[in-house]
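K.L.:
Dropping a structure here in structure tokens format, bear with me for questions.
The values are calculated or read from the model by the stated rules, or taken from the named source; none is laboratory data. Computed from a prediction, not measured in an experiment: that's the story for all the values here. Heads up, the Cβs are rebuilt from the backbone with ideal geometry, glycines too, and the neighbour counts pull from every protein chain shown.
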């Protein structure tokens, strides 16, 4: 639940920024409506990346372990999110600003794709036989908790800062704050044991060796 909360927090702070600040900071179009549509198009990129991330991390999760791939998924999301908070705007680097934004957004979707299925699998495979459904419920709570936290922090910042301050640096705070949350998530992930089912499969040689790892 901790990991999925952090990842969905990262995922949804982009949604808030895509509506509030990205249109004017990362796009140069003839009308505000066009800028908004371009910004929302970058938001949609993650939904195309999620299935790819799910297949990629699922593939390696069966070969090198659920725990390892979940750490990799969390880092993919974390690096992409913090990078967004550091991106220069269109005024600084022109067309490269939205290009870099799209790359980072793809990374967010790719990481979340690996997180979603992997976290549920880790929880269920570590659960007692009679409580698998109950344990599998907790990763699902990450989506609504992350949504509430992301909307809450943008509401707080926009209400306590002037518009100029918010557009200058305030919008970057949630993305940079994600670095702290990622460290917490990594601590949780690194202290969790590998699932008994994966360990048993390794002993029985039911997993395949990874030739590139």
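K.L.:
Quick check, is residue 198 farther than 20 Å from residue 7 by Cβ, buried (at least 17 other Cβ atoms within 10 Å of the Cβ), in contact (Cβ under 8 Å) with a residue 12 or more places away in the chain and more than 20 Å from the chain's Cα centre (by Cα)? Spell out how you get there, then give the answer.
P.N.:
Values: farther than 20 Å from residue 7 by Cβ: yes; buried (at least 17 other Cβ atoms within 10 Å of the Cβ): yes; in contact (Cβ under 8 Å) with a residue 12 or more places away in the chain: yes; more than 20 Å from the chain's Cα centre (by Cα): yes.
Considered against the rule, which asks whether it is farther than 20 Å from residue 7 by Cβ, buried (at least 17 other Cβ atoms within 10 Å of the Cβ), in contact (Cβ under 8 Å) with a residue 12 or more places away in the chain and more than 20 Å from the chain's Cα centre (by Cα), residue 198 comes out as yes.
K.L.:
Taking interchain pairs and intrachain pairs at least six residues apart, which have beta carbon atoms under 6 angstrom, with the first residue in the range 58-82 and within 19 Å of residue 8 (Cα to Cα) and the second surrounded by fewer than 18 Cβ atoms within 10 Å (Cβ to Cβ) and at pLDDT 85 or above?
P.N.:
Filtered contacts from the range 58-82: 82/179.
K.L.:
Something else about it: Within the range 78-86, is even one residue over 13 Å from the mean Cα position of the chain (by Cα), at pLDDT below 90 and assigned to a helix (DSSP H, G or I)?
P.N.:
no
K.L.:
Additional query: Which condition from (1) crowded, with 18+ Cβ neighbours inside 10 Å; (2) over 19 Å from residue 187 (Cα atoms) is the one that residue 103 breaks?
P.N.:
Only one criterion is unmet by residue 103, namely (1).
K.L.:
Can you tell me which of 164, 127, 119, 97 is at pLDDT below 90 and more than 14 Å from the chain's Cα centre (by Cα)?
P.N.:
127
K.L.:
Moving on. Condition (residue is under 29 Å from residue 139 (Cα atoms) and assigned to a helix (DSSP H, G or I)) applied to the range 87-100: is it met by at least one residue?
P.N.:
There is no residue in the range 87-100 that is under 29 Å from residue 139 (Cα atoms) and assigned to a helix (DSSP H, G or I).
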